[in-house]
Amino acid sequence: MKKITLRSGDQMPALGLGTWKADESTYPAIREAIKIGYRHFDCALRYENEKEVGRAIRDAIKEGQVDRQSIWLTSKLWNNAHLSHDVRPGLEESLMNLGMDYLDLYLMHWPVALKPDVIFPDKGSDFLSLEQAPLIDTWRALEECIDAGLCRNIGVSNFSIKKLKDLRNRARIAPTCNQIELHPFLQQKELVEYCLGERIAVTAYSPLGSKDRPARLHQDDEPILLQHPEIRSIAGIHDCTAAQVLIAWALQRGTSVIPKSANPNRLRENYQAQNITLSEDDMRRIGNLDRHYRYIHGAFWTIDGSPYTLTTLWDEPIS
Ligand code: A2P
């Protein structure tokens, strides 16, 4: 199994299992995934299934299939716990849900802050601006969670180069990972290159296009990755599936990747993508598919009256 060495020296399995959108299927999916060989599980408080993830892992440990040290567990701080005194309780809540005493990696889920009593915003006054809840203050509280032994590594998610540079300039402990949406339609070459150059590992979310997203996150006429003729043609060359091409591409770029599946056959199929080697020509053909298309566009953070705009969220002009 390919591993990515983080700046702390810890080794994160490059292929992990995403748990966003896994609901009642979470427990059996994790049990099956462990049997197949998955050792990296990507969780978040907001996915509201940490209890099932934790129960499945603990049962596998109890039955002697794995031990805690061989599992890589990531979770994420939700946006309503960005104020310094809320950060450690946020992490402790995930630990309690998971029934674990430490996380391997804890990420700031979004560079967006909400008031403590808001889970998801429906009006502008639900937000805290970055002046009211500076990212560096949240980060310093995360650094203290490392000091306290609650997590081994800390990182961010959905951060731009600009936000990473700001953080790096002021942080005591540099971010170890940036988890971002990445797939052939959103290759973010500059951001990936920056991160890898700074020894910030990159994890690709929504690598298969997250077709099981909630309806409100779907856009009309969105392109479908798994059906793209170029991806399917490359799959034909390797006698594999389109999903395997997408996973192999992510791994070959040097990123970690966390496809979600709740189906035993697809879990196995995705895991076996580690054995596929794409040619230079395949990589070039996939490279040409970039269209800067976000499935997770972030507009839910930019509702009327919000202090955030798509431009300030992603730090890029919005076309
Ligand atoms: P399922 O859970 O039924 O397997 P992403 O990882 O980009 O968020 O995408 C997850 C979506 O892709 C889910 O709908 C998942 O469905 C589906 N999926 C996962 N693996 C495969 C695969 N190998 N082939 C087709 N669809 C897949």
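The values are calculated or read from the model by the stated rules, or taken from the named source; none is laboratory data. Since the model is a prediction, treat every value here as computed from it, not as a measurement. Positions of Cβ are generated from backbone atoms using ideal geometry, with glycine treated the same way; all protein chains shown enter the neighbour counts. Each accessible area value is taken on the protein alone, full model and side chains, heavy atoms only, with ligands, DNA and RNA left out. Shrake-Rupley method; radii C 1.70, N 1.55, O 1.52, S 1.80 Å.
When the solvent-accessible surface of protein heavy atoms is calculated with a 1.4 angstrom probe, in what order do His297, His40 fall, highest first? Before the final figure, lay out the partial values.
Numbers: His297 40, His40 0 Å².
The ranking, largest first, comes out as His297, His40.
Residue-wise, which Karplus ³J(HN,Hα) couplings in Hz belong to segment 299-309, taking 6.51 cos²θ - 1.76 cosθ + 1.60, θ = phi - 60°, and x for glycine or proline?
5, 5, 9, 10, 5, 3, x, 6, x, 9, 10
Could you state the accessible area per residue of segment 3-314 in Å², with a 1.4 Å probe and every protein chain left in place? Intermediate results must be reported in sequence, preceding the final value.
Working: 13020 Å² over 312 residues.
Computed with neighbouring chains in place, this is 42 Å² per residue.
Place a label point 7 angstrom from the Cα of Ala299 along the Cα-to-Cβ direction, then list the residues of segment 89-119 whose backbone nitrogen is under 20 Å away.
111-112
With a 10 Å radius around each residue's Cβ, average the other Cβ atoms per peptide and rank 214-224, 256-266, highest first.
Most protected by this proxy first, the peptides run 256-266, 214-224.
Please tell me the relative contact order of the chain in percent, rounded to the nearest whole number, where contacts are Cα pairs under 8 Å and at least six residues apart.
Rounded, it is 20 percent for the chain.
Could you check the simple spin-label distance between Thr311 and Ser8, using points 7 Å along Cα→Cβ, in nm with one decimal?
For Thr311 paired with Ser8, the spin-label model returns 3.8 nm.
Lys51: which lysines have alpha carbons under 18 Å from its alpha carbon, excluding same-chain residues fewer than 8 sequence positions away?
Within the straight-line cut-off, Lys51 pairs with Lys21, Lys62, Lys76, Lys260.
Whose amide H sits under 5 Å from the amide H of Leu103, counting only residues 5 or more places off or on another chain, with H placed in the peptide plane?
Distant-sequence amide H within range of Leu103: Cys151, Arg152.
Name all residues of segment 28-52 having a backbone nitrogen under 13 Å from the label point set 7 Å from the Cα of Glu63 along its Cα→Cβ direction, giving them as ranges.
Only 28-37 fall inside the zone, counting backbone N under 13 Å.
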